There are 2 protein chains.
Amino acid sequence: MLTQRLQQALGYTFIRADLLTQALTHRSYGSVNNERLEFLGDSVLNCTVARTLYDAFPDLPEGSLSRLRANLVRQETLADIAAGLRLGDSLRLGEGELKSGGFRRPSILADALESLFGAVFLDAGFDAAQGVVRGLFDPLVAKIDPKASGKDPKTQLQEMLQSRRLPLPDYRLVDTEGEAHDQSFIVECVLAKPVINTRGVGKSRRAAEQEAARQACEQLQK
Amino acid sequence: MLTQRLQQALGYTFIRADLLTQALTHRSYGSVNNERLEFLGDSVLNCTVARTLYDAFPDLPEGSLSRLRANLVRQETLADIAAGLRLGDSLRLGEGELKSGGFRRPSILADALESLFGAVFLDAGFDAAQGVVRGLFDPLVAKIDPKASGKDPKTQLQEMLQSRRLPLPDYRLVDTEGEAHDQSFIVECVLAKPVINTRGVGKSRRAAEQEAARQACEQLQK
């Protein structure tokens with residue numbers, strides 16, 4: 001069963017199977033759906049990630065913790081985690097969403113993942129939900145460079161260039177792909193000195209810019 | 001001792017007294033202060049209030065839950081609760097803040113209250129923090145009219161008037177009191193039909209308008 005594989009991937013087995021089902025039900029499917037669970041799960045996620053960062057970075061001020069959290073809980077990150085769990089395979093979607101590939105849409109995946117956190121909170125309490133969240137997010141927290149302080153790649157790149165008195169980058173939209181409801185943006189990040197040219201792809205123009213900036217940061221650090 | 005009375009009012013006794021002290025220390029006092037605890041406590045508050053509302057209003061959609069929560073956790077409400085706990089008496093403030101009456105400032109009180117929630121979370125876990133939050137917020141949740149769906153008084157008043165095809169209210173700033181760092185605003189809410197005239201006082205113009213609107217709603221419902 002797909003939901004059994006999902007529970008294994010989460011490292012959590014639901015006591016109340018109806019909560020799991022509800023968490024996987026998009027509003028397009030019916031009136032009993034995951035929207036209320038998402039509200040709850042969003043707050044569980046924010047609280048557990050806050051605690052994780054508080055413990056992991058005892059020297060960072062609250063502004064940095066807040067930026068780090070915003071990076072960790074944003075839609076792209078959640079959708080990536082959901083994709084890794086193959087959450088889309090277990091979603092219950094209405095016919096329209098099914099046909100238009102809703103099981104791949106980042107917003108639907110991210111919302112369902114948050115709903116799962118809310119469902120675990122209801123099913124077995126906060127500590128159980130915290131365990132599931134940490135299982136998924138601890139690997140990401142371990143990769144954080146506290147010196148970057150959770151700044152997004154575009155900000156990091158700008159600050160790196162400014163500190164070396166180099167000209168600022170130029171972002172150019174190269175292309176868009178796919179249909180309106182499922183578009184991808186391709187953006188180029190161009191540095192004049194040193195000459196660096198990177199490309200990012202993302203579900204929004206901003207996401208594509210950030211990805212291009214991240215690659216430029218990497219090249220600049222070499 | 002003041003902090004003993006505070007712990008009694010909270011219904012919670014700290015295991016680690018240093019956490020309590022830190023939660024009561026404003027940044028003006030020194031470098032070990034409550035700013036990081038506030039970051040943590042804000043997320044504990046949001047999560048516990050989300051759960052309380054989720055359980056209390058099983059029929060409300062997530063948008064309404066979200067509005068209700070925003071009303072409950074806003075600065076004015078937190079500052080009121082903090083004032084009820086006489087939290088200001090236990091605050092540790094720098095000299096400048098002491099002289100300018102920082103122990104009465106809503107933002108400082110609200111932040112310290114959130115910090116306390118964060119400190120309890122660290123001291124004894126989520127369920128203990130949830131217990132403290134619920135002790136303070138359950139009476140407010142019990143007073144909520146789910147039909148109002150957490151809309152603020154100005155929105156409620158406007159909708160009541162529109163549904164009766166009556167003219168919209170007029171808000172007038174009548175006066176301001178106090179010095180710049182501790183001002184109060186007095187706003188009048190004037191309805192032309194039926195003739196209703198109410199006054200609200202608040203620490204911001206918006207808060208005063210909301211209070212005047214709340215009173216107008218009450219009179220209109222009679």
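Laboratory data are not the source of any read-out in this text; all were calculated from the coordinates shown. Not measured: the values here are computed from a predicted model. Ideal geometry is used to build each Cβ from the backbone, glycine not excepted, and the neighbour counts take in all protein chains shown.
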Past the 29 angstrom mark, what percentage of all C-alpha to C-alpha distances in the protein assembly as shown do you count? 58 percent
Assign one of three labels to region B:1-53, namely rounded, prolate or oblate, based on the Cα gyration tensor with a ≥ b ≥ c the square roots of its eigenvalues; rounded applies when a/c is under 1.5, prolate when it is not and a/b is larger than b/c, and oblate otherwise. oblate
For region B:46-124, the spread of Cα positions along each principal axis, largest first, Å: 49, 27, 17
In peptide A:53-66, what is the residue-averaged number of other protein chain Cβ atoms found within 10 Å of each Cβ? 3
Once you average over the residues of A:194-202, how many Cβ atoms of partner chains fall within 10 Å of each Cβ? 0
Highest-MSF residue in chain B out of B:Glu209, B:Glu159, B:Glu38 [GNM, Cα springs under 10 Å]: B:Glu159
Footprinting exposure proxy for B:Thr48, A:Thr155 (fewest neighbouring C-beta atoms within 10 Å first): A:Thr155, B:Thr48
Footprinting proxy, B:Asp123, A:Asp127, A:Asp170: sorted fewest to most Cβ within 10 Å, the residues are A:Asp170, A:Asp127, B:Asp123
Whether region B:153-221 is rounded, prolate or oblate, judged on the alpha carbon gyration tensor where a/c under 1.5 counts as rounded: prolate
Between helix B:35-56 and chain B, what is the angle of the helix's C-alpha long axis to the longest principal axis, kept within 0 to 90° and rounded to the nearest 10? 50 degrees
Taking the Cα centre as origin and putting +1 on Lys and Arg beta-carbons and -1 on Asp and Glu beta-carbons, what dipole magnitude results for chain A, to the nearest 20 debye? 560 debye
Would you check chain B for Lys pairs whose C-alpha atoms are within less than 29 Å, ignoring same-chain pairs closer than 8 in sequence, and give me the count? 18
Phi to ³J(HN,Hα) by Karplus 6.51 cos²θ - 1.76 cosθ + 1.60 over region B:198-212, Hz, x for Gly, Pro: 10, 10, x, 10, x, 7, 9, 4, 4, 4, 5, 5, 4, 5, 5
Per-residue Cβ counts within 10 Å, from other chains only, averaged over B:29-36: what number is that? 2
Among all cysteines in chain A, which have no other cysteine Cβ under 4.7 Å from their own Cβ? A:Cys189, A:Cys217
Region A:66-211: spread of alpha-carbon positions along the three principal axes, whole Å, largest first, is 55, 38, 18
The protein assembly as shown: antiparallel bridges as % of DSSP beta bridges, rounded to 5, reads 95 percent
Please work out, to two decimal places, the log10 of the ratio I(q)/I(0) at q = 0.10, 0.19 Å⁻¹ from a Debye calculation in which every Cα of region B:2-145 carries one identical scatterer. -0.32, -1.08
Once the Cα atoms of helix B:153-163 and of chain B are each reduced to a long axis, what angle between those two axes, in degrees from 0 to 90 to the nearest 10, is obtained? 20 degrees
Inverse of mean 1/r across different Cα pairs in region A:110-184, Kirkwood, Å: 16.5 Å
Using Cα centres only, tell me the gap between region B:159-182 and region B:64-129 in whole Å. 27 Å
Picking from B:Pro167, B:His26, B:Leu116, whose Cα lies most toward the positive end of the charge dipole for chain B (charges on Cβ: Lys, Arg +1; Asp, Glu -1)? B:Pro167
Of B:Leu140, B:Leu24, B:Leu87, the one that fluctuates the most in a GNM where chain B has Cα springs shorter than 10 Å: B:Leu140
